[in-house]
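Novice: Below you'll find the structure I mean.
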Amino acid sequence: MTDPIGSGGMDGQAGRNLPPLRLHVPEPPARPGESADFTHFDIPAADAAPRPDEAAQPSDMRDLAYGLVRVLDEDSAAVGAWNPKLPPETLLRMLRYMALTRAFDARMFRAQRQGKTSFYMKSTGEEAVSIGAALALARDDMCFPSYRQQGILLARDWPMADMMNQIYSNTGDRLKGRQLPIMYSAREAGFFSISGNLTTQYPQAVGWAMASAARGDTRIAATWCGEGSTAEGDFHSACTFASVYRAPVIMNVVNNQWAISSFSGFAGAEATTFAARAVGYGIAGLRVDGNDILAVYAATRWAADRARANGGPTLIEHFTYRVEGHSTSDDPSAYRSAEESSLWPLGDPIARLKQHCITLGIWDEDRHAAMDKELAELVRDAAREAEKNGILGHGLHHPMESMFEDVFEEMPWHLKEQQQQMLDEWKAAGL
Amino acid sequence: MNMIQAINSAMDVMMERDPSVVVMGEDVGFFGGVFRATAGLQQKYGKNRVFDTPITECGIIGVAVGMGAYGLRPVPEIQFADYIYPALDQLVSEAARLRYRSAGEFIAPMTVRSPFGGGIFGGQTHSQSPEGIFTHCSGIKTVIPSTPYDAKGLLIAAIEDNDPTLFFEPKRIYNGPFDGHYDTPAKSWAGHADAQVPTGYYRIALGKARIARAGEALTILCYGTMVHVVEDTVKTLGIDAEIVDLRSLVPLDIDTIEASVKKTGRCLIVHEATRTSGFGAELLAQVQERCFYHLEAPIERVTGFDTPYPHSLEWAYFPGPVRIREAINKIMKD
Ligand SMILES: Cc1ncc(C[n+]2csc(CCOP(=O)(O)OP(=O)(O)O)c2C)c(N)n1
């Protein structure tokens, strides 16, 4: 039997004498073995972006969703309308927290390679995104991060050993060994429990912000996702809610160019910017040099002030680059040009701020080297402290029966029964 | 009160008592809900606490998770249970697991209300019974009332509960009990004993089943609309069956179930949801595990068929009196 739809359709088309349609499948500019090329990026001058009043209408600031808010120029000077004019102490704090994040990442990456844990995710090259935001927000604002904003916890002076306990899933893990390493939760640090399901935190942050507004609170919420994750439905639901209720929330899109092996084109980057997603929702949208911590700080402060003044949500795209693999399970050399990260035109966030501080005369190479050494020791000491509580798979973990806790507030009979059954089975097996 | 008024009254009572209770969903605010379950609440409690939402179920539940984490007690409505699937990830991966994954640091104390079930010629997308999908997932409670009195007491308990709860409302019996005879005029709750609903606060603990009819010959496990269909069928058959209205599937009142089946030695399970991997399979396994040596006949199930919900053939699909009678006869023959 012939396929009535298939053949009929083809015949009909052949007779119409039209050119065949073509499907566009995006291709990144460079694959392994090819040379990276970032010349197509339009990088505006550091002082090019105007800084609208925090109360400006989103419609009056559309250009900012397509430009690039920058502060640090090519000569390491802080310039332009967005210059937050921070005092030296703050600049050096920023530098220290970024370096601490990098040292923490280095140590924990090594711990994974040494078999002390199953998994790790670095934020190399993206440190400015979380540290800049963390310092611009109030300590009691609520963060709904994804998995690459460990810098927020570090900048909020959360104990590193506590984070490492989580990474090792040991007896000191506040999450009782239930989450994949790096999926922290720290309520006291205003750090929401991280989900492995991408972008689910987006509507949750908006809901938290709506609740805060409905209660007449003064705290705001901030959330982060990767550019690849903006394709998820939750992202768009969150934007709709944020726009409709003018929720006091900052929605950060960390455009680090890659979502595992898929370049940003698969999330729509060839057609427009991610900050421009804001335009359709009538939300303020800023596109920011994510490797310029002063720009990240300034944009976040602007958005936070706007939210606190009931001006509503802001969507910030942080234009940055994921220098390392997606995670310890990833090998980026299999899908992207090896030299790409070194050619990234916006440089390295730590190197840029360091040079700025040196130019200002408040810092020098020797002090920087000494700081790096000190931080490495701090991280090492924290790791030793955490390892006393055990490392993954070496028997030091929360008691087995804890597996059944926290499913519900009170343990129902069927879980009690299963818990007892498990204990009996282990006992019978002589373990 | 009818069931809608009872549900409305539960939310009213809880909003009055607890300023952290907020009601949200498509059309629930100004209009008071397509079934009028939230009527008058916005006028009384203001738009900060009762508000319409965009049409995005994953957004509604995701936002409710965040509100719960903040410290509110959201009562989101999903307009029809058939539309809960876009929110599945937020319910299953987020709300249900937040307490566990944060080891108690964050909770999602929400009560998701949603009209469910068939018998109203709603076709495929206004008739489904998705409870089995959620009872399969750890960390979320599932409650299904069958009378106005229970609906109010259970809803109050669900709102007070610190765990995320799905509150499925059998819409076929919103306005009156349904005995399964689709060609006879609809009945009303007026005059029904279980429609005597106090206006004030009372609660019915989650996880306690109700003996809708005591009996010695056979145990029938059911919930929602089916309680009434079963009651009427039993009446017309003149059989001394014990009808157990489960009221909540998670947590499940296993003690009442076990005691009843051990007493009668026979068991029939009735639900509207499709058969394969339905909650009836779990009930059957539980009864088998606990009561095997007391059973005098194989356990039977009457359920919806494993097809999408049909429109014109609704009454052939619906597990009505004919199929229930057949199953009872079969069990009693042995
Ligand atoms: C809902 C969901 N789908 C898929 C995945 C698998 N996954 C984990 S990370 C990732 C890429 C995310 O990329 P992006 O949002 O750009 O963030 P980045 O890792 O670059 O920071 C994918 C596909 C997931 N965790 N959750």
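Novice: Keeping all protein chains in position, work out how much accessible area B:ARG325 exposes to a 1.4 Å probe, and write it in Å² to the nearest 10.
Specialist: Result for B:ARG325: roughly 90 Å² accessible.
Novice: Taking H as built 1.01 Å from N, whose amide H comes closer than 5 Å to the amide H of B:VAL250, not counting residues under 5 places away?
Specialist: B:THR142
Novice: Further question: Working from the alpha-carbon coordinates of the stretch B:32-137, get Rg over Rh, Rh being the Kirkwood radius. Provide the component values of the computation, followed by the final result.
Specialist: Working: Rg = 14.5 Å, Rh = 14.7 Å.
With Rh from the inverse mean 1/r over Cα pairs, Rg/Rh is 0.99.
Novice: For the stretch A:318-323, in order, what is each residue's ³J(HN,Hα) by Karplus, 6.51 cos²θ - 1.76 cosθ + 1.60 with θ = phi - 60°, in whole Hz (x at glycine and Pro)?
Specialist: Whole-Hz 3J(HN,Hα) from phi for the stretch A:318-323: 9, 7, 8, 9, 7, 6.
Novice: So if I average 1/r over every pair of distinct C-alpha atoms in the stretch A:21-128 and take the inverse, what Kirkwood radius in Å does that give?
Specialist: For the stretch A:21-128, the Kirkwood estimate is 18.4 Å.
Novice: Please list, in chain and number order, the residues 5+ apart from B:GLU169 or on another chain whose amide H is under 5 Å from its amide H, with Hs placed from the backbone.
Specialist: Residues meeting the amide H criterion: B:SER114, B:PHE116.
Novice: Per residue, what accessible area does the protein assembly as shown have, given a 1.4 Å probe and all protein chains present, in Å²?
Specialist: For the protein assembly as shown, the solvent-accessible area averages 39 Å² per residue.
Novice: Right, another one. Kirkwood Rh, chain A, all Cα pairs: how many Å?
Specialist: On the way: mean 1/r = 0.0427 Å⁻¹.
Taking every pair of different Cα atoms in chain A, averaging 1/r and inverting gives 23.4 Å.
Novice: Something else: Could you give the distance between the Cα centres of the stretch A:309-326 and the stretch B:12-78, to the whole Å?
Specialist: 30 Å
Novice: Distance from the Cα centre of the stretch A:62-121 to that of the stretch A:25-55, in angstrom?
Specialist: 18 Å
Novice: Any idea what diffusion coefficient the stretch A:295-340 gets from Stokes-Einstein, in µm²/s, Kirkwood Rh on alpha carbon pairs, 4 °C, 1.567 mPa s? Intermediate results must be reported in sequence, preceding the final value.
Specialist: Working: Rh = 13.5 Å.
My calculation gives 96 µm²/s for D.
Novice: Determine the share of the stretch A:177-230's accessible area contributed by carbon and sulfur atoms, expressed in whole percent, with a 1.4 angstrom probe.
Specialist: Looking at the stretch A:177-230 in its full context, I get 44 percent from C and S.
Novice: In addition: Between the chain alone and the structure with every protein chain in place, find the residues of the stretch A:207-247 that drop at least 40 Å² of accessible area; heavy atoms, 1.4 Å probe.
Specialist: With the partner chains in place, the stretch A:207-247 has these residues losing at least 40 Å²: A:TRP208, A:ALA211, A:ALA214, A:ARG215, A:SER237, A:PHE241, A:TYR245.
Novice: Give the lysines reachable from A:LYS427 as a straight Cα distance under 19 Å; neighbours fewer than 8 places away on the same chain don't count.
Specialist: Filter leaves A:LYS416.
Novice: Between their Cα atoms, which of B:LYS171/B:LYS235; B:LYS235/B:LYS263; A:LYS122/A:LYS176; B:LYS141/B:LYS333 are more than 29 Å away from each other?
Specialist: Listed pairs above 29 Å: B:LYS141/B:LYS333.
Novice: Related question: How many percent of the alpha carbon pairs in the stretch A:91-194 exceed a separation of 24 Å?
Specialist: So the portion of pairs separated by more than 24 Å is 16 percent.
Novice: While we're here: Can you tell me how the stretch A:297-398 classifies by the Cα gyration tensor, rounded, prolate or oblate, using a/c under 1.5 as the rounded cut?
Specialist: Rounded, since a/c falls under 1.5.
Novice: Separate question: May I ask you to compute the full-extension gain from A:GLU374 to A:GLU410, defined as 0.36 nm times their residue separation minus their alpha-carbon distance, rounded to one decimal in nm?
Specialist: Working it through step by step, the gained length comes to 8.4 nm.
Novice: Continuing with the same structure: Among rounded, prolate and oblate, which fits the stretch A:378-430 when a ≥ b ≥ c are the square roots of the eigenvalues of its C-alpha gyration tensor, a/c under 1.5 means rounded, and a/b larger than b/c means prolate?
Specialist: Oblate.
Novice: Let me ask another. Over both sides of the A-B contact, add up the buried accessible area with a 1.4 Å probe and give it to the nearest 100 Å².
Specialist: That pair of chains buries around 3700 Å² in total.
Novice: Sticking with this structure for a sec: I'd like the accessible area for A:HIS40, computed on protein heavy atoms only with a 1.4 Å probe and all protein chains in place. Round to 10 Å², please.
Specialist: That residue has around 110 Å² of solvent-accessible surface.
Novice: For the stretch B:151-250, I need the span (max minus min coordinate) of the C-alpha atoms along each principal axis, in Å, sorted largest to smallest.
Specialist: Here the Cα extents, ordered largest to smallest, are 43, 30, 21 Å.
Novice: Tell me the relative contact order for the stretch B:1-98 as a rounded percent, counting alpha carbon contacts under 8 Å between residues six or more apart.
Specialist: The value is 28 percent.
Novice: Cα centroids of the stretch B:89-136 and the stretch B:145-186: how far apart, whole angstrom?
Specialist: 16 Å
Novice: What residues qualify as long-range amide H neighbours of B:VAL50, i.e. H under 5 Å apart, gap of 5 or more or another chain, H built at 1.01 Å from N?
Specialist: Those lying under 5 Å, H to H, from B:VAL50 are B:VAL23.
Novice: I'd like the residues of the stretch A:399-431 whose 1.4 Å-probe accessible area shrinks by no less than 10 Å² going from the isolated chain to the full set of protein chains.
Specialist: The answer is A:MET403, A:ASP406, A:VAL407, A:PHE408, A:GLU409, A:PRO412, A:TRP413, A:HIS414, A:GLU417.
Novice: At a probe radius of 1.4 Å, what is the per-residue accessible area of A:ARG139, in Å² to the nearest 10?
Specialist: Accessible area, nearest 10 Å²: 120 Å².
Novice: Another question, then. In a Debye calculation with equal point scatterers on the alpha-carbon sites of the protein assembly as shown and no solvent, what is log10 I(q)/I(0) at q = 0.08, 0.09, 0.11 Å⁻¹?
Specialist: Each listed q corresponds, in turn, to -0.75, -0.91, -1.17.
Novice: Across the residues of A:171-179, average count of Cβ atoms on other protein chains within 10 Å?
Specialist: 3
Novice: Kindly identify the stretch B:279-332 as rounded, prolate or oblate by the Cα gyration tensor criterion: order the square roots of the eigenvalues as a ≥ b ≥ c, call it rounded if a/c is under 1.5, otherwise compare a/b with b/c, prolate if a/b is larger, else oblate.
Specialist: Details: a/c = 5.06, a/b = 1.83, b/c = 2.76.
In terms of gyration-tensor shape, oblate.
The values are calculated or read from the model by the stated rules, or taken from the named source; none is laboratory data. This is a predicted model, so every value here is computed, not measured. Here the Cβ is made from the backbone with ideal geometry for all residues, glycine too, and neighbour counts use every protein chain on show. These accessible areas exclude ligands, DNA and RNA; they are computed on the full protein's heavy atoms, side chains included. Shrake-Rupley method; radii C 1.70, N 1.55, O 1.52, S 1.80 Å.
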